[in-house]
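The values are calculated or read from the model by the stated rules, or taken from the named source; none is laboratory data. Everything numeric in this text was worked out from a predicted model, so none of it was measured. Cβ placement follows ideal geometry from the backbone for every residue including glycine, while neighbour counts extend to all protein chains displayed. The area values use the complete protein model at the heavy-atom level, side chains included, leaving out ligands, DNA and RNA. Shrake-Rupley method; radii C 1.70, N 1.55, O 1.52, S 1.80 Å.
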Amino acid sequence: MDRMNRVAWSRASALTVLALIASQCTPSQPAARRAGSGVQSDAAVAAQKTYVAPGDLDEYYMFSSGGHSGQIYVYGLPSMRHLSTIPVYTPYPATGYGFDDDTKKMLGELTWGDAHHPALSETKGDYDGRWLFINEMNGRIARIDLRDFKTKQILGPVPNLHGNHASSFVTPNTEYAMMATRFSRPVPNRVVGIDKYATEYKGIIAGVKIEPKSGEMSLAWQILMPPFDYDLGDAGKLASDGWMFLTSYNTERATGKLEVTASQRDQDYIAAVDWRAAEKAVADGKFDTIGGVKVIDPKKVPGIVYLMPCGKSPHGVDVSPDGKWIIGSGKLQGVTTAFNFEKIQTAIRNKDFTGEEDGIPVLKYESIKDAEVAVGLGPLHTQFGPDGWAYTSLFVDSAIAKWKLGTWEVVDKAPMSYSIGHLAAAEGDTVSPDGKYLVGLNKLSHGRHLNVGPSQPESSQLLDISEEKMKLLYDAFTEPEPHYAQIIKADKIHPIEVYPKEENKHPMAIWDLKDAGVTRNGKKVLVKMIAVRSTLTPTSFEIAEGDEVTVAITNIEQTTDELHGFGLLDYNINIVIDPGETKTVTFTAKKSGVFAYYCTNFCSALHQEMQGYMIVK
Ligand code: CUA
């Protein structure tokens, strides 16, 4: 039997077994138990739709934010199998991230980050599978290369910007990623009493320029904003290309108990930023330099930013696939508003304003909205499917509403377990959403998994959205906290399996065992090491107490899966070297004696023999 037939056979037989099991004994699905023989129960159908047979591959990747774990979790869909964890803002011993010299330097002094919103790079508004960006609260944004699923750059903490929540949403050709403050403070940062919050504290919206070939990020400009709390954003696309939209709350400019003080007004704002105008203003020299950053003051430079009144305390703002509508919701309301981009432009041209905030015009709500869609209570975020379908998460209702752009008709609701926050549809925030799958990223999971004590996981629920009615397919669980996720067609990403030898330009790379060994330059010692099945060469080396030691290890394997580790006991050193890769780790030999090092990553039958000694005299 060839592989294809074997897979087909195993899939068919396994599905039969699954269907039988599901129809006979699914304790959490009483309806399934009642279904008679011959009738496929809901659970059996769901099992078939999510079952990916051993050896088969998933259809989509899902990149999910790991919140304050500082990581990104990679899932396969529809199986919801956890495939990989990409460390970004946190050391991760499993891959040696944050231990070797380069990643340690990239993390800097911060060894945690609250990662929020992943943003896949785009070309013409569609995911192109090149990079993944993700922000975190300590004023940083990171780029992951999807060629090897590794974090390549962390920009920041950037000056002036405090609490980078409304980030990292990219523009349709990945010209920019956004950053914006959740916490306003004096700009530049200095001691100013909280009693002067309304006038002396400032918000910041920033444009991070992305180099089109390398993906290298740099801080291009910032816009000085009123001291609101900026929350989320989305870039305009097609009809609205060139604009960024960011929600804000606490437009009262209140301090103290915000749950009370920031709930005085009826509405808050969505900030609409003309980023091409911001780009031009900076090119024309219309900026002040604050903290080394080019900062645009809208009071002095009009035409950059406008405020759109929106339901109280909005969370998400989402641009429809054609770019015509901007969907924003007050998170305690029963409706979500569809703003019309054409009407926004007309209102700007006609100066159809109701006031201003620190020199920024406020557009008239009635003039820019097309509809208030009665989606249900607590609308947070909207994702899209093909044919104008929109899906809005409802925190208070704990459900997802399916509705239609243009007719504004709500056609279906799916309950979520429990308290949904974000949601992600297959390519659901691009110019051409796929439909098919939708994942609800829920805050609470109680009672739907084996008890693991008080530290409960988050719940992610997979729905089938290919038909008129949404159908729950699968419950999956993650560590905190999936603030947002994006789902990309698997065939758009082509990761390498080894680092090609000819691409390794590391100055300390060696490929021949005879080049391995110790060189000394005063108190600096360089140990060039080769890792290959099943020896770490040299198998021992001697240094003196107080030496500054750099161990440079090249894994000369060119075979898939042949990773080697280097764990050095008592010295808190643990790195992993992928095939074809060179990594360095530098430390001071503070303790004398004999210390073992060994390969931490299972690599061969003789993995256990892959060991050596560092002797510190
Ligand atoms: Cu090399 Cu285990």
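I'd like to check one number: the per residue accessible area of region 135-223, probe 1.4 Å, reported in Å² as a whole number. The partial results should precede the final answer.
On the way: 3060 Å² over 89 residues.
Value returned for region 135-223: 34 Å² of accessible area per residue.
Charge tally around K402: other residues with Cβ under 9 Å, Lys/Arg +1 each, Asp/Glu -1 each, net +1. Scanning residues 5 or more positions from L120 or on other chains, those with amide H under 5 Å from its amide H are F133, with H placed 1.01 Å from N in the peptide plane. Projecting the Cα positions of Y391, A425, G330 onto the charge dipole of the chain (unit charges on Cβ atoms of Lys, Arg, Asp and Glu, taken about the Cα centre) puts G330 furthest along the positive direction. V576 sits among other residues whose Cβ lies under 11 Å from its own Cβ, and their net charge, with Lys and Arg +1 and Asp and Glu -1, is -2. Note that region 354-404 presents 32 Å² accessible area per residue, ligands and nucleic acids not counted, probe 1.4 Å.
Relative contact order, percent, of the chain when contacts are C-alpha pairs under 8 Å separated by at least 6 residues? Provide the component values of the computation, followed by the final result.
Working: 1677 pairs, mean separation 58.5, N = 617.
Result for the chain is 9 percent.
Convex hull volume of the C-alpha atoms in region 39-154, normalised per residue: 138 Å³.
Of all beta bridges that DSSP places with both ends in the chain, some 90 percent have antiparallel geometry.
Around G359, what is the net charge, scoring Lys/Arg as +1 and Asp/Glu as -1 over all other residues with Cβ under 10 Å from its Cβ? Once all neighbours under 10 Å are counted, the net charge is -2. Cross-link pairs exceeding 24 Å in C-alpha to C-alpha distance, out of K257/K312; K492/K583; K124/K312; K150/K489; K150/K280, comprise K492/K583; K124/K312; K150/K280. Rounded to the nearest Hz, the phi-derived 3J(HN,Hα) couplings of region 248-261 under the Karplus curve 6.51 cos²θ - 1.76 cosθ + 1.60 (θ = phi - 60°) are 9, 10, 6, 6, 5, 6, 8, 10, x, 7, 4, 4, 9, 5, where x marks glycine and proline.
Sites listed here are trypsin sites (Lys or Arg not before Pro) in region 516-590 whose DSSP assignment is loop and whose Cβ has at most 12 other Cβ atoms within 10 Å: K590.
Students often get this wrong, so check it: of K324/K469; K202/K402; K202/K331, which have C-alpha atoms separated by over 30 Å?
Distance filter (> 30 Å) returns K202/K402.
Note on the chain: the alpha carbon radius of gyration divided by the globular reference 2.2 N^0.38 Å gives 1.06.
Here the accessible area is traced with a 1.4 Å probe on the protein chains. For region 498-537, carbon and sulfur cover 54 percent of it.
Between E342 and D515, the FRET efficiency estimated from the beta carbon spacing at R0 = 41 angstrom works out to 0.05. Note on N189 and K501: their simple-model spin labels are 4.9 nm apart, each label 7 Å out from Cα toward Cβ. Put simply, the convex hull of the Cα atoms in region 482-617 casts, on average, a shadow of 10.9 nm². For region 369-498, a Kirkwood hydrodynamic radius built from all Cα pairs, placed in the Stokes-Einstein relation at 4 °C and 1.567 mPa s, yields a translational diffusion coefficient of 85 µm²/s.
A simple rule links phi to the HN-Hα coupling: the Karplus curve 6.51 cos²θ - 1.76 cosθ + 1.60 with θ = phi - 60°, which for region 543-550 gives 9, 10, 4, x, 5, 9, 9, 10 Hz, with x for Gly and Pro. Need the C-alpha centroid separation for region 356-381 versus region 447-464, integer Å. Between the Cα centres of region 356-381 and region 447-464 lies a distance of 35 Å.
Taking every full run of DSSP H in the chain, the ones that stretch at least 27 Å from end to end by Cα along their long axis and average -1.0 or higher on the Kyte-Doolittle scale are 3-24. Within the full protein context, the accessible area of M508 is estimated at about 60 Å² for a probe radius of 1.4 Å. Surface composition of region 191-318: carbon plus sulfur atoms hold 53% of the accessible area, using a 1.4 angstrom probe and ignoring ligands, DNA and RNA. For A371, the residues whose amide H sits under 5 Å from its own are A338, ignoring neighbours fewer than 5 places away on the same chain, with H placed 1.01 Å from N. The loop-placed trypsin sites (Lys or Arg not before Pro) in region 78-128, going by DSSP, that have at most 14 neighbouring Cβ atoms within 10 Å of their Cβ come out as K124. Average 1/r across all pairs of distinct alpha carbons in region 251-311, invert it, and you get the Kirkwood radius: 13.7 Å.
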